[in-house]
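Have a look at the structure below before the remarks.
The values are calculated or read from the model by the stated rules, or taken from the named source; none is laboratory data. Bear in mind that the values here come from a model prediction, so they are computed numbers and not experimental data. Cβ placement follows ideal geometry from the backbone for every residue including glycine, while neighbour counts extend to all protein chains displayed.
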Amino acid sequence: MAGIEPQSGIMEIALYVGGKSSVDGVSNVIKLSSNENPFGPSQAAQDAVRRSMHEMHRYPSTDHAALRGAIAEVYGLDAARIICGVGSDEVLQFIAQAYAGPGDEVIHTEHGFAMYRILAHAVGATPVEVPERERVVCVDNILAACNERTRIVFIANPNNPTGTMIGMAEIERLAENLPPQAILVLDGAYAEFVEGYDGGARLVAARDNVVMTRTFSKIYGLGGIRVGWGYGPQAIIDVLNRVRQPFNLSNIALTAAEAAVRDTAYVEKCRAENSRLRAWLAEALAEHGVPSDASTANFVLARFGDPDEAAACDTYLQGQGILIRRVTSYKLPAALRITVGDEASCRRVAHCIGLFKAGAR
């Protein structure tokens, strides 16, 4: 209609496309396109969902106190400095909504998660893409891109879709040298897959310009319920809670996430299995002439000779009922991101890629 226009930046957003879940004419597909936990949620989380069904007519809590308390207990954090959202994506949205707008700049890296650019446009800010070095975040390049308009720097560590990560010394150097008005956001969606990595929690505790986010969608196997959380300086968390909808998480989601975070034995089991199968898959692909960077997440970025070969392999795998993720939109046209599934799925995808490389087209 004439005269009705969206806010500046909205029409710059390309709609997000998730990983495929089906192929026409193919049944019983192996889905390795969305980095889901192949073992699903823990039994404790499933039991909690069943119990919560009897309270579906009740409104959920507005402060998420029980879940925040469980997260704080398990991770050794201050519950008052935790905020919960509909996936960690919503927490990232709160940050952009509260701290960036027209005239501001939001930095993301060359192969960083697509949502960072989308969030910048959604609030009318300017997204600034910074080059990586061999698919690894480069702190020097980020600092060189900072100026008086920089308000947010988004980093996924481990990164998606590359699987690479940088060490805490580099993250600390970045936080120390950011402009005074800028916030460093450490997106830790895959942090639990890294043994001994706290996702930046100690750095958050020591500084007033760092926020970390986490999700229940990956190692906890709750992608279908959508729960995430953030941890930051009290002043920032207080601001984010002002833009958060009071009933943004359902009773079912809150109950499932609390049970999941407390089941630490299940998380350890999933981390160990992922580590074992990730190493096996990367080695098997390398033996077929398909290298990948050392991944610290629950996927590998398989690199092919050129974009045509990657596209042809994707088409071949779909014909075999195997769904992986094309990452052309991440400026990686010659690569395919492959989720680490269960053992049977890993063996199947490696076998089919081997057949493809041997000439089965």
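With respect to the stated conditions, Asp104 fails to be under 30 Å from Ala265 (Cα atoms) and surrounded by fewer than 22 Cβ atoms within 10 Å (Cβ to Cβ).
Restricting attention to the range 328-349 and to residues that are surrounded by fewer than 21 Cβ atoms within 10 Å (Cβ to Cβ) and aliphatic (A, V, I, L, M), the residue that is nearest to the chain's Cα centre (by Cα) turns out to be Leu332.
Could you say whether any residue in the range 266-284 is within 26 Å of Glu129 (Cβ to Cβ) and modelled with pLDDT of 95 or more? Among the residues of the range 266-284, not one is within 26 Å of Glu129 (Cβ to Cβ) and modelled with pLDDT of 95 or more, which makes the answer no. Scanning the range 98-113 for residues that are in contact with a Leu (Cβ under 8 Å, 6 or more places away or on another chain) and not hydrophobic (A, V, I, L, M, F, W, C) yields a single hit, His111.
Filtering the range 193-245 to residues that are over 14 Å from Cys84 (Cβ atoms) and among the basic types (Lys, Arg) leaves Arg202, Arg207, Lys218, Arg242.
Is the range 31-39 home to any residue that is in a loop (DSSP other than H, G, I, E, B) and under 18 Å from Glu12 (Cβ atoms)? Before you say what the answer is, go through the steps one by one.
Applying the first criterion (in a loop (DSSP other than H, G, I, E, B)) to the range 31-39 yields 32-39.
Then keep just the ones that are under 18 Å from Glu12 (Cβ atoms); that gives none.
Checked against the condition, which is being in a loop (DSSP other than H, G, I, E, B) and under 18 Å from Glu12 (Cβ atoms), the range 31-39 yields no hits at all.
Tell me which residues, restricted to the range 49-68, are under 18 Å from Val267 (Cβ atoms) and surrounded by fewer than 22 Cβ atoms within 10 Å (Cβ to Cβ). Selection gives Val49 alone.
Results for (1) part of a loop (DSSP other than H, G, I, E, B); (2) of a type in the set (Asp, Glu); (3) buried (at least 17 other Cβ atoms within 10 Å of the Cβ), shown as yes or no for each residue.
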| site | (1), (2), (3) |
| --- | --- |
| Ser88 | no, no, yes |
| Ile95 | no, no, yes |
| Gly112 | yes, no, yes |
| Arg151 | no, no, yes |
| Phe154 | no, no, yes |
| Pro161 | yes, no, yes |
| Met165 | yes, no, yes |
| Glu172 | no, yes, yes |
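Please indicate, with yes or no, whether at least one residue in the range 183-203 is assigned to a helix (DSSP H, G or I), assigned by TED's automatic domain parsing to the domain that holds Leu67, in contact with a Lys or Arg (Cβ under 7 Å, 6 or more places away or on another chain) and free of Cβ contacts under 8 Å to residues at least 60 places away in the same chain. Yes: the range 183-203 contains one or more residues that are assigned to a helix (DSSP H, G or I), assigned by TED's automatic domain parsing to the domain that holds Leu67, in contact with a Lys or Arg (Cβ under 7 Å, 6 or more places away or on another chain) and free of Cβ contacts under 8 Å to residues at least 60 places away in the same chain. For the range 224-258, filtered to residues that are among the aliphatic types (A, V, I, L, M) and in a loop (DSSP other than H, G, I, E, B), the residue that is farthest from Gln181 (Cα to Cα) is Ile225.
Yes or no, residue by residue, for (1) without any contact (Cβ under 8 Å) to a residue 12 or more places away in the chain; (2) among the aliphatic types (A, V, I, L, M); (3) buried (at least 17 other Cβ atoms within 10 Å of the Cβ):
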position: Val210; (1), (2), (3): no, yes, yes
position: Phe216; (1), (2), (3): no, no, yes
position: Gly223; (1), (2), (3): no, no, yes
position: Tyr231; (1), (2), (3): no, no, yes
position: Leu240; (1), (2), (3): no, yes, yes
position: Gln245; (1), (2), (3): yes, no, no
position: Ala260; (1), (2), (3): no, yes, yes
position: Cys270; (1), (2), (3): no, no, yes
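Mind checking whether some residue in the range 276-290 is part of a helix (DSSP H, G or I), more than 22 Å from Gly223 (Cα to Cα), basic (Lys, Arg) and not assigned by TED's automatic domain parsing to the domain that holds Pro158? Show your work before the answer.
Here is the first cut: in the range 276-290, the residues part of a helix (DSSP H, G or I) are 276-287.
Subsequent filtering for residues that are more than 22 Å from Gly223 (Cα to Cα) retains 276, 279-287.
Filter once more, so that each one left must be basic (Lys, Arg): 276.
Pick out the ones that are also not assigned by TED's automatic domain parsing to the domain that holds Pro158 and you get 276.
Yes, the range 276-290 contains at least one residue that is part of a helix (DSSP H, G or I), more than 22 Å from Gly223 (Cα to Cα), basic (Lys, Arg) and not assigned by TED's automatic domain parsing to the domain that holds Pro158.
Within the range 305-325, the set of residues being surrounded by fewer than 22 Cβ atoms within 10 Å (Cβ to Cβ) and not in a helix (DSSP H, G or I) comprises Gly305, Asp306, Gln320, Gly321.
Based on what the data block shows, is Ala302 part of a helix (DSSP H, G or I), of a type in the set (Gly, Ala, Ser) and in contact with a helix residue (DSSP H, G or I) (Cβ under 7 Å, 6 or more places away or on another chain)?
Working: part of a helix (DSSP H, G or I): no; of a type in the set (Gly, Ala, Ser): yes; in contact with a helix residue (DSSP H, G or I) (Cβ under 7 Å, 6 or more places away or on another chain): yes.
Against the criterion (part of a helix (DSSP H, G or I), of a type in the set (Gly, Ala, Ser) and in contact with a helix residue (DSSP H, G or I) (Cβ under 7 Å, 6 or more places away or on another chain)), Ala302 does not qualify.
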